[in-house]
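Engineer: Pasting in a structure now, in structure tokens, and then I'll have a few things to ask.
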Amino acid sequence: MNDKEAMNVTESGPGGPARRAARLLAAPVGAVRGAVHGVRHAYRLYHPPQSRVGRTPENKGLSVRPMRVVTSRDRIPLAAWVVPGKGPHTVVVCHGVERSRSSTLGHIEMLHRAGHHVVAYDMRNHGESGGDRRIGRMAVRYTSDLLDVLRSVAADPEVGGGRLAVLGFSFSAWPALYVLREAGPPVSAVITDSGPMFDIPSGLGAFADLRRGSLPEHLRAPVAFGAYRWAFRTAALRMLGLKEWPPDLSHVPARLMFVAGGEDFVVPQEQVGRVARCFPGAEFWVAPHAMHMNAIRFDRQEYRTRVLEFLSAAFAAGDEPSGEVVPLHGTEGHGR
């Protein structure tokens with residue numbers, strides 16, 4: 001009996017139809033399992049397992065004091081560090097999703113050494129801040145929280161005497177932009193690092209793709225993962241609840257700077273550039289060697305120069321409309 005005949009016997013024998021039936025039944029079961037895990041992981045995107053903050057500004061030799069901000073929306077406590085500088089201006093730093101303010105220590109040190117006050121806080125459901133169990137309008141909640149932090153900073157007798165700027169990373173780039181439309185303390189500048197994504201659904205799909213290798217083997221199969229990816233993207237987008245993207249900031253007196261990583265496969269530079277082009281006068285720079293949220297390491301000197309010069313000009317300009325901003329470095333190297 002040759003190999004082809006043996007195969008035919010196997011497929012037509014007692015076990016053949018049973019195996020085919022098992023495969024047919026396994027496909028919908030795998031899809032259901034994938035979808036369930038996709039929704040669960042979408043929820044965990046906004047509610048990651050909380051852990052205590054590790055390294056602090058004191059590890060960098062910086063003086064620090066705690067700040068506690070209670071959100072006006074739902075009374076959730078937000079933990080923050082205040083790192084006083086020479087002043088008078090203050091930069092509020094927002095970390096990326098599934099991280100904490102400890103991940104921004106290099107930026108805190110850079111900003112402090114340049115003479116600025118720095119306030120870095122843990123977003124809700126992250127680090128040492130309080131948590132919620134909400135499943136909707138997360139963008140509104142994170143934006144409202146940032147507004148509460150800005151109000152607390154503006155009212156602080158030590159660091160509230162000058163102008164304000166916001167530095168947001170990846171996920172927190174969204175509230176950093178949206179907060180400009182809220183009625184609160186005036187913000188002179190916003191810098192977004194490694195975000196935001198212009199095409200949010202595709203960005204969430206790419207995030208699911210990055211997680212595929214860490215999923216259980218039965219969820220990595222094509223049918224199961226396809227359902228996982230669709231459910232994760234759909235649920236995460238619904239939970240985020242972004243409205244009017246990108247936001248209309250045409251009448252906002254704030255300067256904008258967008259930083260993308262040339263080697264960033266999480267939020268590609270093309271996506272960040274499309275957002276930047278929505279805001280006339282915004283500065284857009286691609287850090288050539290950087291991956292996601294690490295331009296301060298891989299393009300350290302140029303990153304430091306561009307960010308600090310941008311902040312210096314924005315603080316000096318005061319309330320000049322963002323539409324009249326002239327990029328500090330022209331168009332060369334901006335990756336438009």
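The values are calculated or read from the model by the stated rules, or taken from the named source; none is laboratory data. Source: prediction; values computed, not measured. Positions of Cβ are backbone-derived with ideal geometry, glycine not excepted, and every protein chain shown enters the neighbour counts. With ligands, DNA and RNA removed, areas are computed over all heavy atoms of the protein, side chains included. Shrake-Rupley method; radii C 1.70, N 1.55, O 1.52, S 1.80 Å.
Engineer: Specify the residue that is farthest from the chain's Cα centre (by Cα); the eligible residues are those in the stretch 273-314 that are closer than 14 Å to residue 107 by Cα and β-branched (Val, Ile, Thr).
Structural biologist: Once the filter is applied, the top-ranked residue is 305.
Engineer: Let me ask something else. Working carefully through the options 131, 160, 127, find the one that is at positive phi, small (Gly, Ala, Ser) and part of a loop (DSSP other than H, G, I, E, B). Talk me through it step by step, then tell me what you get.
Structural biologist: Numbers: 131 fails: at positive phi; 160 fails: at positive phi.
When all the criteria are applied, what remains is 127.
Engineer: List every residue pair whose Cβ atoms sit under 6 Å apart, with the two residues 6 or more apart in sequence or on different chains, where the first one lies in the stretch 162-178 and is in contact (Cβ under 8 Å) with a residue 60 or more places away in the chain and farther than 16 Å from residue 116 by Cβ and the second, anywhere, is aromatic (Phe, Trp, Tyr) and in a helix (DSSP H, G or I).
Structural biologist: Pairs that qualify, where the first residue is in contact (Cβ under 8 Å) with a residue 60 or more places away in the chain and farther than 16 Å from residue 116 by Cβ and the partner is aromatic (Phe, Trp, Tyr) and in a helix (DSSP H, G or I), are 175/142.
Engineer: Here's a follow-up. Can you tell me which residue among 279, 265, 284 is in contact with a Lys or Arg (Cβ under 7 Å, 6 or more places away or on another chain) and in contact (Cβ under 8 Å) with a residue 24 or more places away in the chain?
Structural biologist: 284
Engineer: So which of 206, 221, 183, 235 ends up being at pLDDT 95 or above and among the small types (Gly, Ala, Ser)?
Structural biologist: Checking each option against the conditions leaves just 235.
Engineer: Take the residues of the stretch 168-225 that are among the acidic types (Asp, Glu) and part of a helix (DSSP H, G or I): which is surrounded by the most Cβ atoms within 10 Å (Cβ to Cβ)?
Structural biologist: 209
Engineer: Here's a follow-up. Looking at 302, 332, which one is open to solvent by 40 Å² or more (accessible area, probe 1.4 Å), modelled with pLDDT of 95 or more and not aliphatic (A, V, I, L, M)? Steps first, answer last, please.
Structural biologist: Numbers: 332 fails: modelled with pLDDT of 95 or more.
That would be 302, the only listed residue that is open to solvent by 40 Å² or more (accessible area, probe 1.4 Å), modelled with pLDDT of 95 or more and not aliphatic (A, V, I, L, M).
Engineer: Separate question: Among the residues of the stretch 265-299, count how many are part of a loop (DSSP other than H, G, I, E, B) and surrounded by 23 or more Cβ atoms within 10 Å (Cβ to Cβ).
Structural biologist: So the count comes out to 4.
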